[in-house]
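What follows is a short report on a single structure.
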Amino acid sequence: MPTITSYPELVAETAKLPNFVFRGVKRSATHKLIPSAGRGPTQDTRKVLRAEQHILKDFKRRALPFLPFQPKDDWEWLALAQHHGLPTRLLDWTTNPLVAAYFACSGSSEGEDSAVYAFRDGKSLDLNANQNPFVVKSATLVRPATVTARIAAQDGVFTVHPDPRVAFTHPKLQTLVISSSTRHRILRDISRNGIN
């Protein structure tokens, strides 16, 4: 697990990870890769599923008048809900390591090191063959149609999780730690290179 202390180190380390997706987090030591739908107090999987489905159903009903288009399936609806901060079984990732590093370095983490997670599975879920996001069997990469300009600008992709209460782990998951003492300088250099 390399510790990054400069922008050139960040570029060099992420260049060693072709075809990976990345997720930046502010606190490397305490952060677990748990989707927002699984971060609540309940440990009952059925209750989590019912709550998530109810929230999505209500979101569909209320959001439609405000959308410039109608999402074509539950994958697009789920991506849109995730974008608007609703609790879902999706985790945000990006194909651009500098975008992930931006999110890792921006804001405060109270002196704790930040991290960029890197993951490569080699395949994405076939959304035509798997139309129901609530019955996936294993955590996997998904690439629904880009439903917002922000997702497109961030080169966004997702992982979907069958049980959103369980932290994501994978043999091909790697962590790049960004030192808290150099985070501000790395963020400045990322910004100078067009990610802000």
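The values are calculated or read from the model by the stated rules, or taken from the named source; none is laboratory data. As the structure is a prediction and not an experimental result, all values here were calculated from the model. Positions of Cβ are backbone-derived with ideal geometry, glycine not excepted, and every protein chain shown enters the neighbour counts. Each accessible area value is taken on the protein alone, full model and side chains, heavy atoms only, with ligands, DNA and RNA left out. Shrake-Rupley method; radii C 1.70, N 1.55, O 1.52, S 1.80 Å.
Observations on the structure shown:
- C-alpha long axis of helix 74-83 to longest principal axis of the chain, angle in °: 50 degrees
- Relative contact order computed over the chain (Cα-Cα under 8 Å; 6+ residues apart), in percent: 37 percent
- Rh by Kirkwood over Cα pairs, then Stokes-Einstein D for the stretch 82-123 at 0.890 mPa s and 25 °C, µm²/s: 199 µm²/s
- Axis angle, to the nearest 10 degrees, between helix 183-192 and the longest C-alpha principal axis of the chain: 80 degrees.
- Tally of Lys pairs whose C-alpha atoms are under 21 Å apart, taken over the stretch 47-123, 8 or more apart or cross-chain: 4
- Model label sites at Gln43 and Asn196, defined 7 Å from Cα along the beta-carbon direction, differ in position by 4.7 nm.
- Positive-end residue, the stretch 21-168 charge dipole about Cα centroid, Cβ charges, pick of Leu98, Val157, Leu67: Leu67
- Relative counts (whole %) of C-alpha pair distances in the chain, using bins that are 5 Å wide: 1, 8, 16, 19, 19, 16, 12, 7, 4, 0
- On a per residue basis, the chain carries 53 Å² of accessible surface, using protein heavy atoms and a 1.4 Å probe.
- Portion, in percent, of the accessible area of the chain that falls on carbon or sulfur, probe 1.4 Å: 51 percent
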